[in-house]
Amino acid sequence: MESFELLHTSPNPFNPSTTIEYKVVSNSTVSLNIIGLQGRIVSKLINSEMEAGSYHILWDAGNYPSGMYLVRFDSNETILTKKIMLIK
């Protein structure tokens, strides 16, 4: 059985942007957010209905401070996270 996936970010560490790749296996409402280590959403990248497929999105973090961030992927009952590092 296929599952939703939050694939790699490239590059990671990055400055100032990174590409986030993810996989949607069935038509679903998807949200993709960047979360600071204090647990607050710092950037909302996606919040929409999506068809099954492979996707990528660019996050430009030029206005954010250096540090560790979490990419959070939510779809139906699936929640996935990955760490990314912004180094300026």
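The values are calculated or read from the model by the stated rules, or taken from the named source; none is laboratory data. Note that the structure is predicted; figures quoted are calculated from it, not measured. Note that we place each Cβ from the backbone using ideal geometry, even for glycine, and neighbour counts take in every protein chain shown. Remember, those area values only see protein heavy atoms, side chains included, never the ligands or the DNA or RNA. Shrake-Rupley method; radii C 1.70, N 1.55, O 1.52, S 1.80 Å.
Listing for the model above:
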{"item": "Residue match in the stretch 14-24 (condition: part of a strand (DSSP E or B), within 11 Å of the chain's Cα centre (by Cα) and of a type in the set (D, E))", "result": "yes"}
{"item": "Search result, residues across the stretch 30-53 that are in a strand (DSSP E or B) and open to solvent by 70 Å² or more (accessible area, probe 1.4 Å)", "result": "I41, K44, N47, E49"}
{"item": "Qualifying residue in the stretch 1-12 (condition: within 13 Å of V71 (Cβ to Cβ), loosely packed, with under 14 Cβ neighbours inside 10 Å and among the polar types (S, T, N, Q))", "result": "yes"}
{"item": "Selection count where residues are polar (S, T, N, Q), open to solvent by less than 40 Å² (accessible area, probe 1.4 Å) and closer than 16 Å to Q38 by Cβ, scope the stretch 54-83", "result": "0"}
{"item": "Selection count, the stretch 61-77, where residues are without any contact (Cβ under 8 Å) to a residue 12 or more places away in the chain and not in a loop (DSSP other than H, G, I, E, B)", "result": "0"}
